[in-house]
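Take a look at the structure below.
Readers should treat all values here as calculations from the given coordinates under stated rules, not as data from a laboratory. These figures come from a predicted structure and were not determined experimentally. Note: ideal-geometry Cβ built from the backbone for every residue, glycine included; neighbour counts use all protein chains shown.
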Amino acid sequence: MWAIPRWASPETSATEWSTASVPTLVLAGHGDASLSEDRAAALAAAMPAATVRRRPGFSHFCHAEQPGDVGADIAGFLDGLTALPATTPLATTLLTTEE
């Protein structure tokens, strides 16, 4: 029996997901029952910061079974993000750390 993910549960309000502001990539396969087309659409609508991609041939374990394709999706997603302003403490730490 499949457990219903919390985000797909009636107890989880859309407000909880809509307040997430961190860009998020969600990858799943067309044959992945845990993120069906309906659930993927619901997640994308509930979480505007999310990019939800369902790929043919991907399974629930696409990260292990298609690591090159998953890596390319992640790299493309990260390339499309806007960098943190250099004046933020996190960006300053990342930019000035020398190891």
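Can you figure out the FRET efficiency of Glu37 with Thr82, using R₀ = 35 Å and their beta-carbon distance, to the nearest 0.05?
Once rounded, the FRET efficiency stands at 0.75.
Taking the Cα-to-Cβ direction at Ala45 and at Leu25 and moving 7 Å from each Cα, how far apart do the two end points lie in nm?
Distance between label points: 2.6 nm.
Work through the residues other than Ala44 whose Cβ is under 13 Å from its Cβ and net out their charges, Lys, Arg +1 and Asp, Glu -1.
After counting each charged neighbour, the total is +1.
Once you list every other residue whose beta carbon is under 15 Å from the beta carbon of Phe77, what net charge do they have if Lys and Arg are +1 and Asp and Glu are -1?
Result for the neighbourhood of Phe77: 0.
Would you mind counting up the charge near Gln66? Only other residues with Cβ under 14 Å from its Cβ, with Lys and Arg at +1 and Asp and Glu at -1.
Charge balance near Gln66 sits at -1.
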